[in-house]
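Here is the structure we will look at, set down as structure tokens.
Quick note: the coordinates plus some simple rules give every number you see, no bench work behind them. Please read these numbers as outputs of a predicted model, since none were measured by experiment. Ideal geometry is used to build each Cβ from the backbone, glycine not excepted, and the neighbour counts take in all protein chains shown.
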Amino acid sequence: MTKTVLVSGASGFVGSHVAAKLAEDGYRVRAMTRRPGGYHGAGEPIAADVADPGSLPAAFAGVDVAYYLIHSLGSDDFERRDADAARNFAAAAAAANVERIIYLGGLGAGEGRLSPHLRSRREVERILRSAPTPVTVLRAAVIIGHGGISWEMTRQLAKRLPAMITPRWVRTRTQPIALPDTVRYLTGVLEPAEARGATYEIGGPEVLRYIDMLQRVARVRGSRLPNLTVPLLTPRLSSAWLRFVTDVDLATARNLVDSMATEVVVRDDAITRLLPGKLLGYDDAVRLALADRERAARQDREQAAR
């Protein structure tokens with residue numbers, strides 16, 4: 001019997017690709033969105049908002065598995081918003097007797113040393129798991145793909161700056177993962193019984209510093225990006241600087257910078273045994289993201305010309 005899968009955030013960066021892959025694999029996809037009239041992705045759009053508990057029962061009716069791919073990074077009170085949204089989602093899933101929730105959270109070891117952003121992701125895990133529905137958690141760092149906020153910030157910095165005066169956080173290590181590998185893992189954990197209630201850390205094949213990521217994007221684009229690190233460039237000044245040289249809004253920039261001081265690398269590679277397969281390297285992930293951006297821009301131009 002074909003499973004019905006609810007994808008929250010179906011119009012978002014990761015959710016749109018998860019919905020498309022699930023539909024391709026033959027699942028009955030229900031795309032949860034606040035604006036179903038403007039939804040043009042995979043699956044059947046249904047109006048619902050995690051901030052409005054009354055809108056959720058209809059979205060969950062008959063659902064077997066639900067993906068939770070929502071967070072409020074661009075809000076100053078995102079921790080409260082994310083916690084309330086998770087409680088609403090978990091309650092609706094339990095009321096509908098959903099078999100499982102699959103959640104994309106954030107990497108990071110040591111609860112006491114996490115940034116507010118990563119701490120919020122961990123709190124969402126706790127809230128989802130406090131309800132009766134089993135939860136499968138995947139934790140990721142930076143996801144490299146067209147449409148991702150962290151990737152877009154990286155792309156714009158590498159493109160727009162001839163050189164960088166950077167804060168200390170550019171020396172922090174992280175383990176970026178390509179968007180296709182993220183989607184493969186998220187959809188791959190849907191069926192295996194051993195994934196029920198499990199937590200997996202996902203990352204690409206390379207551990208890099210943020211400055212390495214920026215300089216390699218520049219190299220892929222055929223340029224160089226000299227760097228001078230200034231230790232006294234505070235997180236608040238860093239976020240204002242990011243807002244000045246990129247399109248990222250101030251609240252999002254501030255929350256991203258706070259997270260960049262925390263090392264986020266995979267310490268348990270169990271996912272590679274559950275779902276083996278070759279992972280895209282960083283440079284290849286960058287090339288793919290840039291190509292997808294060019295393709296999307298070309299389609300927008302063609303549509304505007306009609």
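Quick notes on this structure:
- A straight Cα-to-Cα reach below 29 Å connects residue 3 with the lysines 21, 278, residues fewer than 8 places away in its own chain not being considered.
- Ranking 23, 36, 2 by how far each Cα lies toward the positive end of the dipole of segment 1-42 (charges on Cβ) leaves 36 at the top.
- Projected onto planes of every orientation and averaged, the convex hull of the alpha-carbon atoms in segment 40-161 covers 9.2 nm².
- Proximity of backbone amide H atoms, modeled 1.01 Å from N, is registered between residue 144 and 177, 178, 179 at under 5 Å, excluding neighbours fewer than 5 places apart on the same chain.
- Sorted fewest first by neighbouring Cβ atoms within 10 angstrom, 177, 102 come out as 102, 177.
- For segment 1-61, the calculated P(r) over all alpha carbon pairs, in 5 Å bins from 0 to the bin holding the longest distance, is 4, 22, 32, 23, 14, 4, 1 percent.
- Largest-first ellipsoid semi-axes for segment 90-159, taking √(5λ) over the Cα gyration tensor eigenvalues, angstrom: 29, 16, 9
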